[in-house]
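Structure, as structure tokens:
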Amino acid sequence: MNVQEIIAKKRDKSKLNKEEIEFFVTNYTNGNITDYQAAALIMAIYINGMDEEETTNLTISMTNSGDILDLSELGNVVDKHSTGGVGDKVTLILTPIISSLGLPVAKMSGRGLGYTGGTIDKLETIPGYNVNISEEKFKENVKKIGISLIGQTLNLAPADKKIYALRDATSTTESIPLIASSIMSKKIAAGANKIVLDVTYGSGAFMKTKEKAQELADTMVRIGKLANRETVAVLTPMEQPLGKSVGNALEVIEAIEALKGNIKEDVKDVVLELGSNMLKLAGKGNNLEENKNRMLENIKNGRALEKFKELVANQGGDVSYIEDTNKFKKAKFILPVISKVQGKVKELNAEQIGKLSVFLGAGRIKKEDKIEKEVGIILNKKIGDKVEKEEIMAYIHANNEEKAKEAVERLSEIYQIN
Ligand code: URA
């Protein structure tokens, strides 16, 4: 068996068998297959797809490419994963709330992918926060304070780590078999026995329609069942960016504000929907409305914020940034986007805004790229809001003046007002 034959088979729309998929995953993970060969196969999968059996085999091979954590000693542990979005800071708000309600959270998150952001890039904007901790420390943290959020640094699904970075740089993200295997291999390897999936749809999601999102959700739930992980998928819209900020540090600041009680309605809806399902799945309350109320209560009484601080402190982060978000470094240029007309915002395409934030430096073009933590966009006006002529609709945060000016022009065009 060699990789050229496997690439040619998928290129020619044939089905790959279990051995071929395993050969590819094992040899790409250990460096025997090059990035360019892997990129060719991933593009062939992207274009020609995979059936259920191939997707399951790909997930199993990716899961088995590294260690598989056993968290059974911690009882019911819930994990959560989103299929990606723009301005999606949900994990940062949701997981401390859930943990403050007594449900252990052990989560391995990802970095930005394509035009969507990643929780790990966001957490790293908090000085000192260490996303690279050992398996023992990960477990110990969950045992000690009921929460740990880490990156893909343990030897968990290393195949996904490589394929994910490759997909990010080769425009091969929007594919059901590739997304399902990426997410489920990580989730199965990370050891939680309950999984809640946030499957997004709309302009800012990889799945542009609700039907496609349902297909992805069904694929992942089916794989979860096969792996003995109780899995629930919730479909959420991502037509415009979630909340008011896009960009790493800016989103962390918004998440901290949310935990302090100042939470945007659209963000609140997603956080409550996912959290109430997580609590139900873990046997902590069957009534979703009651679960939502308990979550809101723990924002009000400060317990969720306290849990977030505990998480940050426990992973080496500087808690003073949580207490005073003014400490986060600001971008060099902060320019307003001013409306030339009066009217109502009709459209605010999330994918275009995600791409604009990548242009500003918040995401990667090449997989080795370093992101600029402080750049991004603040949206004062969202779909349905009234806008006066000359009113400030948004702010661009950039470290380069030319880019800042270009972004102002591009964002004025993205705002559809009438
Ligand atoms: N999140 C992941 O972890 N993988 C994907 O492919 C998409 C979103």
**Prompt:** How about region 18-36: which of its residues are without any contact (Cβ under 8 Å) to a residue 12 or more places away in the chain and assigned to a loop (DSSP other than H, G, I, E, B)?
**Reply:** Asn30, Gly31, Asn32, Thr34
**Asked** What about Pro177, is it modelled with pLDDT of 90 or more, open to solvent by 20 Å² or more (accessible area, probe 1.4 Å) and either in a helix (DSSP H, G or I) or not assigned by TED's automatic domain parsing to the domain that holds Glu347 (or both)?
**Response** no
**Prompt:** Looking only at region 80-110, which residues are more than 12 Å from the ligand (Cβ to nearest atom) and farther than 16 Å from Lys144 by Cβ?
**Reply:** Val86, Gly87, Lys89, Val90, Leu92, Ile93, Leu94, Ile97, Ile98, Leu101
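For region 208-231, which residues satisfy the criterion of being open to solvent by 10 Å² or more (accessible area, probe 1.4 Å) and within 14 Å of the ligand (Cβ to nearest atom)?
Once the filter is applied, which keeps residues that are open to solvent by 10 Å² or more (accessible area, probe 1.4 Å) and within 14 Å of the ligand (Cβ to nearest atom), region 208-231 yields Lys212, Thr219.
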**Item:** Unmet criterion (only one of (1) surrounded by fewer than 24 Cβ atoms within 10 Å (Cβ to Cβ); (2) modelled with pLDDT under 95) for Val234
**Value:** (2)
**Complete:** Here the qualifying pairs (Cβ atoms under 7 Å; residues six or more apart or on different chains; first in region 362-377 and over 11 Å from Gly117 (Cα atoms); second at pLDDT 95 or above and open to solvent by 40 Å² or more (accessible area, probe 1.4 Å)) come out as Glu374/Lys329; Glu374/Lys330
**Request:** Consider Gly243 carefully, then state whether it is open to solvent by less than 10 Å² (accessible area, probe 1.4 Å) and either at pLDDT 95 or above or closer than 30 Å to Asp70 by Cα (or both).
**Result:** yes
**Item:** Candidate set from region 278-301 (those that are among the polar types (S, T, N, Q) and farther than 18 Å from Val234 by Cα); member that is farthest from the chain's Cα centre (by Cα)
**Value:** Asn301
**Prompt:** Scanning for something within 16 Å of the ligand (Cβ to nearest atom) and over 17 Å from the mean Cα position of the chain (by Cα), does region 128-144 turn up at least one residue?
**Reply:** no
**Request:** At least 1 residues that are surrounded by 13 or more Cβ atoms within 10 Å (Cβ to Cβ) and among the hydroxyl-bearing types (Ser, Thr, Tyr) in each: list the strands (runs of 3 or more DSSP E) lying fully within region 312-413 that qualify.
**Result:** 392-398
**Message:** Quick check on this structure: which one of Pro104, Pro96 is more than 18 Å from Ser185 (Cβ to Cβ) and in contact with a Phe, Trp or Tyr (Cβ under 9 Å, 6 or more places away or on another chain)?
**Reply:** Pro96
**Message:** Tell me whether region 257-277 contains one or more residues that are surrounded by 19 or more Cβ atoms within 10 Å (Cβ to Cβ), more than 22 Å from the chain's Cα centre (by Cα) and either among the acidic types (Asp, Glu) or within 30 Å of Gly384 (Cα to Cα) (or both).
**Reply:** no
**Message:** Looking only at region 168-180, how many residues end up being under 15 Å from the mean Cα position of the chain (by Cα) and either of a type outside the set (A, V, I, L, M) or within 25 Å of Ile133 (Cβ to Cβ) (or both)?
**Reply:** 3
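Residues in region 186-217 that are of a type in the set (A, V, I, L, M), part of a helix (DSSP H, G or I) and closer than 24 Å to Ala106 by Cβ: how many?
4
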**Message:** Just to verify a result, which residue in region 1-48, among those that are open to solvent by less than 60 Å² (accessible area, probe 1.4 Å) and of a type in the set (Ser, Thr, Tyr), is farthest from the chain's Cα centre (by Cα)?
**Reply:** Ser14
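The values are calculated or read from the model by the stated rules, or taken from the named source; none is laboratory data. If you're wondering where the values come from, they're calculated on a predicted model, not measured in any experiment. Here the Cβ is made from the backbone with ideal geometry for all residues, glycine too, and neighbour counts use every protein chain on show. The accessibility values were calculated without ligands, DNA or RNA, using every heavy atom of the protein model including side chains. Shrake-Rupley method; radii C 1.70, N 1.55, O 1.52, S 1.80 Å.
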